[in-house]
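Here's the structure, in structure tokens; my notes come after.
The values are calculated or read from the model by the stated rules, or taken from the named source; none is laboratory data. If you're wondering where the values come from, they're calculated on a predicted model, not measured in any experiment. All Cβ positions, even for glycine, are placed from backbone atoms using ideal geometry, and neighbour counts span all protein chains on display.
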Amino acid sequence: MATITVTTTDGAQRAAQAGASALHVLKESGSFNRHVIAAKVDGRVVDLSTPITQDCAVASVTIDSPEGLDVLRHSTAHLMAQAVKRLFPQVQITIGPTITDGFYYDFKRDEPFTPDDLTRIEAAMREIITANYPVQREEMPRAAAVALFRDMGEHYKTEIIEGIPEEVVSVYRQAEFVDLCRGPHVPSTGCLKAFKLTSIAGAYWRGDERNEMLQRVYGTAWASTKDLDAYLKRIEEAKQRDHRRLGPALDLFSLHPIAPGSPFFHPKGTVIYNTLVQYMRSLYGRYGYTEVITPLIYKTELWQTSGHYDAFRGDMFLMAVEEEEYGVKPMNCPGHCYLFATRKHSYRDLPIRFADFSRLHRFERSGTLAGLTRVRSMVQDDAHIYCTPDQLDSELDRFIAMTREVYGVFGFDRVEVTLQTRPEKFLGRIELWDAAESALRRVLEQAGYPVTVLPGEGAFYGPKIGFDFRDVLERSWTLATVQIDCAMPERFGLKYVTPEGTEATPVMLHRAVLGSLERFIAILLEHTAGKLPFWLAPVQVRVLTLTERQETYGRGVTDRLLQAGFRAELDDRNEKLGLKIREAQLQKIPYMLVVGDKEAESGLVAPRSRSGETATPQTIDGFIESIKQEAGPGTAR
């Protein structure tokens, strides 16, 4: 019997029989325990039953590792599909991939699934787990697989197989259930223990709205019941923090079918919106930005020049005007290039930093719209920088410094940085891309950031740095971004005069710190559970009277707060104080000032925070001095 050499996790090299399974090799090397559900062979995750036929490195994959969780969730998707077929034999199965924290499977069924159906499916899944069926991989000719699934009446699977170019495909069997799949999977259904089916949604076959509608069942699976319970607790907390619930409850914004994806900001929400803009504007002078206003609608030749027309046309709102095609702008950068080209520039003029709060519109499909996080109408704290190559590093340093300052104001201390490199389809010369990627990496390393590289995820016009913020629910959000443009300056023919009197093409940077204001507000609402920092709160102080006798005094206190520049309002309703306090807390108002006869007679107020803490009665001037310390960057005094 031929032997091969395997390198195990501890770095040791061992002889093994060619054709031995990954499970056997791991057991022989002492790398196997009850938590191992798959193997990694030369970095590729495979089934434990996979034969090892040549020299390689073999490592174990445990159930709680990232790779192990992916295998676990994929196998749980198959488990769910098997349970569905047992309960509803006429259902056709389609695809069932893993997603972040879970999985889904799309089914074709005439009747809609109900919450009661999910309960029945979960019970059937547990029966299959108890049976502990082996999960077996089988490879077969594509033609045989087509015949197999056609005989089972699985028309969607048949269509998938017919579109596969390989002549040999793999299927997985567990008892009577068989599914087309590349794998890998757990060794047996008994490995699957901690799962929950979470929701039902509609989904188009192959994601194409022209195809028929299917039913998608979502679920989650974890390595242990403890991990599952912790996740479900986070999900419940996320529901309570959902900005789509908080926005209407706090009277901040609303969404209406009359304008899909275009939120209506109410007066209180507009305060938040404008305060964020005011804060960013307060930084622009110090960081050297000049604000501009550019058109909302352009002829589409603008985006043909920039390259967006080919790459982004499907996401634009286009219209015919006087037999010419126009578009509502989805981004500011091409307009800023026109603005730069309106006059001749010397190297002494650079860098030029254009900031723009223009409204943007993008045609997001209706099925992808999600509150404020995915909209069709938005504003970004957008800016474009034109500089010389020698100024590039300092401009990137300036961007990082500004981002750090802004994140510090919001208390965003859990930040991860990604470097997103050239995609498969791109514009511009490769040498410009290589230089740009090197510059981004260099500046990040000098700034002390550990960098995660995301190959191929840059914009079509340039590589990107993304600053990802992790919120209290452990979700990651990309906020600040900066890109070096490798195409647009040359496509628009932008030039500046060098010290030698020759012409050169400027370097162009795209940058945003908050990103979309709509999305940022959604993230901030969910991160804080609606308890916005004092300087951003739409109502900062509410004055509460005990009886009608304090109405005049309460109004005077409210006027004094307003004159001092704070956002204050009076609640002088003839209601019990407990009700007024409760309503102010539900509205997440930072401070309440209670005024009764005693306060009115002595010229005092009794402060109370939204968390329930009370302070010793004090003068209104004393209270104003105390909250000035919390006024923050968004309030000028």
*Tally time: how many residues in the stretch 457-487 are free of Cβ contacts under 8 Å to residues at least 40 places away in the same chain, crowded, with 18+ Cβ neighbours inside 10 Å and assigned to a loop (DSSP other than H, G, I, E, B)?*
1
*All positions within the stretch 87-104 that are in contact (Cβ under 8 Å) with a residue 40 or more places away in the chain and over 26 Å from the mean Cα position of the chain (by Cα)*: 92, 93, 94
*With respect to residue 62, determine if the residue is under 32 Å from the mean Cα position of the chain (by Cα) and more than 30 Å from residue 201 (Cα to Cα).*
yes
*Evaluate the following for residue 221: is it buried (at least 19 other Cβ atoms within 10 Å of the Cβ), touching a residue at least 12 places away in the same chain (Cβ under 8 Å) and under 25 Å from the mean Cα position of the chain (by Cα)?*
yes
*Residues being under 29 Å from the mean Cα position of the chain (by Cα) and either assigned to a strand (DSSP E or B) or surrounded by fewer than 19 Cβ atoms within 10 Å (Cβ to Cβ) (or both) - total across the stretch 115-127*: 1
*For residue 340, state whether it is crowded, with 18+ Cβ neighbours inside 10 Å, assigned by TED's automatic domain parsing to the domain that holds residue 395 and among the hydrophobic types (A, V, I, L, M, F, W, C).*
yes
*Please verify whether the stretch 372-390 includes one or more residues that are out of contact with any helix residue (DSSP H, G or I) (no Cβ under 7 Å at 6 or more places or on another chain) and without any contact (Cβ under 8 Å) to a residue 60 or more places away in the chain.*
yes
*State whether the residues of the stretch 177-186 include one that is over 30 Å from residue 523 (Cβ atoms), in the same structural domain as residue 113 (by TED's automatic domain parsing) and either without any contact (Cβ under 8 Å) to a residue 24 or more places away in the chain or of a type in the set (S, T, N, Q) (or both).*
yes
*asked:* Show me the strands (runs of 3 or more DSSP E) found entirely inside the stretch 1-66 where at least 1 residues are free of Cβ contacts under 8 Å to residues at least 24 places away in the same chain and not aromatic (Phe, Trp, Tyr).
replied: 3-7, 13-17, 36-41, 44-46
*Among all residue pairs at least 6 apart or on different chains, which show Cβ distances below 9 Å where the first residue, located in the stretch 517-534, is free of Cβ contacts under 8 Å to residues at least 12 places away in the same chain and the second is surrounded by fewer than 21 Cβ atoms within 10 Å (Cβ to Cβ) and in a helix (DSSP H, G or I)?*
528/241
*Any chance residue 235 is β-branched (Val, Ile, Thr), without any contact (Cβ under 8 Å) to a residue 60 or more places away in the chain and either in the same structural domain as residue 84 (by TED's automatic domain parsing) or under 30 Å from residue 196 (Cα atoms) (or both)*: yes
_Whether any residue in the stretch 615-627 is at pLDDT 95 or above, among the aliphatic types (A, V, I, L, M), surrounded by 14 or more Cβ atoms within 10 Å (Cβ to Cβ) and under 22 Å from residue 267 (Cβ atoms) is what I want to check._
no
_Checking residue 583 against (1) in a helix (DSSP H, G or I); (2) surrounded by 17 or more Cβ atoms within 10 Å (Cβ to Cβ); (3) modelled with pLDDT of 95 or more: exactly one of these is not met. Which one?_
(2)
*asked:* Of everything in the stretch 256-279, what is of a type in the set (A, V, I, L, M, F, W, C), more than 16 Å from residue 525 (Cα to Cα) and either in a strand (DSSP E or B) or in contact with a strand residue (DSSP E or B) (Cβ under 8 Å, 6 or more places away or on another chain) (or both)? Give them in sequence order.
replied: 259, 264, 277
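Quick grid of which residues meet (1) closer than 29 Å to residue 34 by Cβ; (2) crowded, with 24+ Cβ neighbours inside 10 Å:
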| site | (1), (2) |
| --- | --- |
| 62 | yes, no |
| 67 | yes, no |
| 70 | yes, no |
| 74 | yes, no |
| 80 | yes, yes |
| 83 | yes, no |
| 94 | no, no |
| 97 | yes, no |
| 108 | no, no |
*Could you please find all residues in the stretch 147-177 being under 24 Å from residue 87 (Cα atoms) and assigned to a strand (DSSP E or B)?*
171, 172, 173, 174, 177
*the stretch 411-425 - residue that is of a type in the set (A, V, I, L, M, F, W, C) and crowded, with 20+ Cβ neighbours inside 10 Å and, of those, nearest to residue 393 (Cα to Cα)*: 419
*Condition test on residue 197, is it out of contact with any Cys (no Cβ under 6 Å at 6 or more places or on another chain) and assigned to a helix (DSSP H, G or I)?*
no
*Evaluate the following for residue 581: is it of a type in the set (A, V, I, L, M, F, W, C), within 34 Å of the chain's Cα centre (by Cα) and in the same structural domain as residue 619 (by TED's automatic domain parsing)?*
no
*Keeping to the stretch 6-60, report how many residues are surrounded by fewer than 16 Cβ atoms within 10 Å (Cβ to Cβ) and β-branched (Val, Ile, Thr).*
2
*Might you let me know whether the stretch 360-373 holds any residue that is of a type in the set (Gly, Ala, Ser), in a loop (DSSP other than H, G, I, E, B) and at positive phi?*
yes
*Could you grab the pairs with beta carbons closer than 6 Å, sequence gap of 6+ or different chains, first residue in the stretch 293-310 and free of Cβ contacts under 8 Å to residues at least 60 places away in the same chain, second one of a type in the set (A, V, I, L, M)?*
297/328
*asked:* Among the residues of the stretch 306-315, are any of a type in the set (Phe, Trp, Tyr), modelled with pLDDT of 95 or more and outside any strand (DSSP E or B)?
replied: no
*Can you pull out the residues in the stretch 128-146 that are β-branched (Val, Ile, Thr) and not in a loop (DSSP other than H, G, I, E, B)?*
128, 129, 130, 146
_Hey, residue 103 under 30 Å from residue 476 (Cβ atoms) and modelled with pLDDT of 95 or more or not_ = yes
_Qualifying residue in the stretch 210-223 (condition: modelled with pLDDT of 95 or more, hydroxyl-bearing (Ser, Thr, Tyr) and farther than 16 Å from residue 139 by Cα)_ = yes
*Considering only the stretch 445-456, how many residues are outside any strand (DSSP E or B) and within 22 Å of the chain's Cα centre (by Cα)?*
4
